[in-house]
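A.B. asks: My structure is below; once you've seen it, I'll send some questions.
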Amino acid sequence: MLSPDGHILKYSVGPTRENISAAEQAQYANGVLVDKSVPIGHPLFKSGYLDGRQSTLRYRAGKELDRAPLLAEMNDEWKSIDLITGKRRNLAQHETIGGPSNSSSLPDSELGPSDLAVASTGDRTIVLTPSGDGKGLYSQPFYAISVIRGGGAKGRVRCQVDACNNKLITGARWRPGSDELVFTVSDPDRGRAQSLFRWNIESGAVRLVARSRGLLNGGRDERSACAISHDILVCAEAEADRPPRLERIDLETGRRDTLFDPNAALAADIARSTQVELLRWKDATGHTFTGQFFPARREAGKLPPLFVTYYDCLGFVRGGVGDEWPLASLAQQGISALCINRAPARLDAVERYDQGIAAVRSAIDLLASAGKIQRDKVGMGGLSFGTEVTLWTAVNSNLLAAVSIASPLPTPVGFELRRMYDDSFLPPLEKFWQLGSPMGTAVRWRRLSPVCNLDKLHAPVLMQMPEHEYLLSVDYAVPLIKARKAELYVFPDEAHFKFQPKHKLAVYERNLDWFRFWLQGVEDPDHAKKEQYRRWHDLRDAADHAASTSTAIPPPATNCPQSD
């Protein structure tokens, strides 16, 4: 942190690389004690990348998924440097800082039980309060905005206009040197496109600053913030069909100027080749869904197949959450693609997944009835929650002809590998999936886990998983592979979201090949892929044989829980 006069910089340093290397070598030589800090099932030495550097990964404070390098639990040392003289010194404990924060200094008694304090300045704190009917939801997505001033609840000022009540408010910040705050609203009816508003807490006036067809914030995270001064905002803007660029927005007039457009050539290429449409439709129960539709180039007299992914479709939609299914490329190769925005998550897992099936089914009905797609040639893919809905749809419907997934699902083997981290694994498992131990909640496991439903899975499955997660899937992946119903690829040094460029390219190309093969009957003539297509023909022959003999293969896995 820089001192107010700009002369002194305070900073913290963690363990040196030499100390970390020595600790790694000691564990390599003497063995690794398996405790809550060790990611069971992962490689144990130089096991992944953090901040672009290969590290020996551990779980911070034993919390699963909070990855950190070895020795991360050691306290940082604080130092300062005089930027004029260059003099450095170690800081005493009372001189250290916690870093800049927007968190509230309000006592808990001044906040309601559901209030969320998001930003403070002086004695004023911006508060978001859940609004609307959140019954049955995992979390309430809609909020009302207010400000608590020094007098506590008696000093609360509530925004009274529609723009800031019962809305998907995804950010709020103070406008420096003013009585105004700037807040962001994502609109579900416009595919969660974002708009920026400013609210004067003294006059009550709310004014629209800027509106976008996609994200208008600080980056890919829907809740990231623009940079703000008294006069301007600097934001990253991105739409489904246009890559991100940096925009300057005048807070008074709303005037916008592009500061930096690094992807102008890509934007022009997309504009020439792909027309993306925002779709809005209802399922059979009247629930509204939105999605970004990439219509395929049509062949004369032939309807194109469809690829679907279900999760979030925000900003520049490259390939769904995780960027693994190249939607524009699929469309250019003759496969229409649809990215569906998920509904507000239901607390009950079955209801949550059934929402996904309803969204996919109603989208297929919409597009097929309009003569835009071939109903019986639909593929689906997803990562994380997208994987869950994809496999659920494949098991519980006849909608899909081919599937591609990137993440594991709950299984008994996965339970054993993760229950070491009981305090960070078991509560979410119970809350989000209503699962306990496989034997203690066997009925629920048989309903949700793919290991108990392998005989219901008829579509071929391509699995492209990270090294840090694939072992969680072995009790359904191996039976599917042995039954010639699936292929599994594992990418070294990758965690939940793959990030290495070579891996991303390989995933893109294989997914494109996979869906062209199963939905179009098309094969890339590249000789290097000859063995790939030989294997896929083997999968097709096995599927044809199973269909002709009415054989369900494989049966449920042997470790499917049998009793509560």
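A.B. asks: Can you say whether residue 488 is part of a strand (DSSP E or B), in contact with a helix residue (DSSP H, G or I) (Cβ under 6 Å, 6 or more places away or on another chain) and under 15 Å from residue 407 (Cβ atoms), as far as the supplied structure shows? Step through it out loud before you land on a result.
C.D. replies: Details: part of a strand (DSSP E or B): yes; in contact with a helix residue (DSSP H, G or I) (Cβ under 6 Å, 6 or more places away or on another chain): yes; under 15 Å from residue 407 (Cβ atoms): yes.
When the stated conditions are applied, residue 488 passes them.
One line per residue, one yes/no per condition, for (1) touching a strand residue (DSSP E or B) at 6+ places or on another chain (Cβ under 7 Å); (2) of a type outside the set (Gly, Ala, Ser); (3) within 17 Å of residue 508 (Cβ to Cβ):
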site: 238; (1), (2), (3): yes, no, no
site: 257; (1), (2), (3): yes, yes, no
site: 292; (1), (2), (3): yes, yes, no
site: 333; (1), (2), (3): no, yes, yes
site: 337; (1), (2), (3): yes, no, yes
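A.B. asks: Next question, about the same structure. I want to confirm something. Restricting to region 138-162 and keeping residues that are among the aliphatic types (A, V, I, L, M), outside any loop (DSSP other than H, G, I, E, B) and modelled with pLDDT of 90 or more, which single residue is nearest to residue 433 (Cα to Cα)?
C.D. replies: 144
A.B. asks: With the structure loaded, tell me whether residue 543 is modelled with pLDDT under 95 and hydrophobic (A, V, I, L, M, F, W, C) or whether it fails that test.
C.D. replies: Yes: the conditions hold for residue 543.
A.B. asks: Another question, then. Condition (residue is in contact (Cβ under 8 Å) with a residue 60 or more places away in the chain, out of contact with any strand residue (DSSP E or B) (no Cβ under 8 Å at 6 or more places or on another chain) and not small (Gly, Ala, Ser)) applied to region 224-236: is it met by at least one residue?
C.D. replies: There is no residue in region 224-236 that is in contact (Cβ under 8 Å) with a residue 60 or more places away in the chain, out of contact with any strand residue (DSSP E or B) (no Cβ under 8 Å at 6 or more places or on another chain) and not small (Gly, Ala, Ser).
A.B. asks: Could you check, for region 282-294, whether at least one of its residues is under 23 Å from the mean Cα position of the chain (by Cα), among the hydroxyl-bearing types (Ser, Thr, Tyr) and crowded, with 19+ Cβ neighbours inside 10 Å?
C.D. replies: yes
A.B. asks: Evaluate region 79-86: report whether one residue or more is of a type outside the set (D, E, K, R), closer than 22 Å to residue 29 by Cα and buried (at least 17 other Cβ atoms within 10 Å of the Cβ).
C.D. replies: no
A.B. asks: Still on this structure: Evaluate region 61-75: report whether one residue or more is buried (at least 16 other Cβ atoms within 10 Å of the Cβ), basic (Lys, Arg), touching a Leu at 6+ places or on another chain (Cβ under 6 Å) and closer than 30 Å to residue 119 by Cα.
C.D. replies: Yes, that holds for at least one residue.
A.B. asks: Take the conditions surrounded by 19 or more Cβ atoms within 10 Å (Cβ to Cβ) and of a type in the set (Asp, Glu) and apply them to residue 494. Does it pass?
C.D. replies: So residue 494 fits the description; yes.
A.B. asks: Still on this structure, please answer the following. Could you tell me whether region 289-296 includes any residue that is under 22 Å from residue 211 (Cα atoms), of a type in the set (Phe, Trp, Tyr) and in contact (Cβ under 8 Å) with a residue 40 or more places away in the chain?
C.D. replies: yes
A.B. asks: Restricting to region 295-340, give me the number of residues that are surrounded by fewer than 22 Cβ atoms within 10 Å (Cβ to Cβ) and among the polar types (S, T, N, Q).
C.D. replies: 3
A.B. asks: When region 25-43 is examined, which residues are found to be in contact with a strand residue (DSSP E or B) (Cβ under 9 Å, 6 or more places away or on another chain) and surrounded by 15 or more Cβ atoms within 10 Å (Cβ to Cβ)?
C.D. replies: If we filter region 25-43 for residues that are in contact with a strand residue (DSSP E or B) (Cβ under 9 Å, 6 or more places away or on another chain), which is where we start, we get 36-39, 42-43.
Answer for region 25-43, where residues must be in contact with a strand residue (DSSP E or B) (Cβ under 9 Å, 6 or more places away or on another chain) and surrounded by 15 or more Cβ atoms within 10 Å (Cβ to Cβ): 36, 37, 38, 39, 42.
A.B. asks: Only one of (1) closer than 20 Å to residue 467 by Cα; (2) touching a Lys or Arg at 6+ places or on another chain (Cβ under 8 Å) fails for residue 65. Which number is that?
C.D. replies: Every listed condition holds for residue 65 apart from (2).
A.B. asks: With the structure loaded, tell me whether residue 450 is buried (at least 18 other Cβ atoms within 10 Å of the Cβ), over 30 Å from residue 46 (Cβ atoms), out of contact with any strand residue (DSSP E or B) (no Cβ under 6 Å at 6 or more places or on another chain) and without any contact (Cβ under 8 Å) to a residue 60 or more places away in the chain or whether it fails that test.
C.D. replies: On the way: buried (at least 18 other Cβ atoms within 10 Å of the Cβ): yes; over 30 Å from residue 46 (Cβ atoms): yes; out of contact with any strand residue (DSSP E or B) (no Cβ under 6 Å at 6 or more places or on another chain): yes; without any contact (Cβ under 8 Å) to a residue 60 or more places away in the chain: yes.
Yes; evaluated as a whole, the condition is true for this residue.
A.B. asks: Which condition breaks for residue 230 when tested against (1) of a type outside the set (Phe, Trp, Tyr); (2) surrounded by 13 or more Cβ atoms within 10 Å (Cβ to Cβ); (3) modelled with pLDDT of 95 or more; (4) over 23 Å from residue 144 (Cα atoms)?
C.D. replies: Checking residue 230 against (1) of a type outside the set (Phe, Trp, Tyr); (2) surrounded by 13 or more Cβ atoms within 10 Å (Cβ to Cβ); (3) modelled with pLDDT of 95 or more; (4) over 23 Å from residue 144 (Cα atoms), the one that fails is (2).
A.B. asks: Filter region 431-458 down to the residues that are of a type in the set (Val, Ile, Thr) and out of contact with any Cys (no Cβ under 8 Å at 6 or more places or on another chain), then identify the one that is farthest from residue 380 (Cα to Cα).
C.D. replies: Looking at residues that are of a type in the set (Val, Ile, Thr) and out of contact with any Cys (no Cβ under 8 Å at 6 or more places or on another chain), I get 441.
A.B. asks: Continuing with this model, one more query. Mind listing whichever residues of region 508-539 are part of a helix (DSSP H, G or I), of a type in the set (D, E, K, R) and loosely packed, with under 15 Cβ neighbours inside 10 Å?
C.D. replies: Within region 508-539, the first condition is being part of a helix (DSSP H, G or I), and the residues that meet it are 508-520, 527-539.
With of a type in the set (D, E, K, R) added as a condition, the list becomes 509-510, 513, 516, 529-531, 534-535, 538.
Of everything in region 508-539, those that are part of a helix (DSSP H, G or I), of a type in the set (D, E, K, R) and loosely packed, with under 15 Cβ neighbours inside 10 Å turn out to be 530, 531, 534, 535, 538.
A.B. asks: Also, quick follow-up: May I ask you to verify whether residue 355 is out of contact with any Ser or Thr (no Cβ under 7 Å at 6 or more places or on another chain), buried (at least 16 other Cβ atoms within 10 Å of the Cβ) and either at pLDDT below 95 or polar (S, T, N, Q) (or both)?
C.D. replies: yes
A.B. asks: Can I ask one more? Pick from 95, 73, 77: which is at pLDDT below 80 and either outside the structural domain of residue 419 (by the TED database) or under 26 Å from residue 224 (Cα atoms) (or both)?
C.D. replies: 95
A.B. asks: Then there is this: Taking into account only those residues within region 190-220 that are modelled with pLDDT of 95 or more, over 14 Å from residue 178 (Cβ atoms) and in a loop (DSSP other than H, G, I, E, B), which is farthest from the chain's Cα centre (by Cα)?
C.D. replies: Applying the filter and picking the extreme gives 204.
A.B. asks: When you go through 244, 188 one by one, which is the residue that is assigned by the TED database to the domain that holds residue 121, closer than 16 Å to residue 314 by Cβ, in contact (Cβ under 8 Å) with a residue 40 or more places away in the chain and crowded, with 20+ Cβ neighbours inside 10 Å?
C.D. replies: On the way: 188 fails: crowded, with 20+ Cβ neighbours inside 10 Å.
After ruling out the rest, the residue left standing is 244.
The values are calculated or read from the model by the stated rules, or taken from the named source; none is laboratory data. These figures come from a predicted structure and were not determined experimentally. Reconstructed Cβ throughout: ideal geometry from the backbone, glycine too, with neighbour counts over all protein chains shown.
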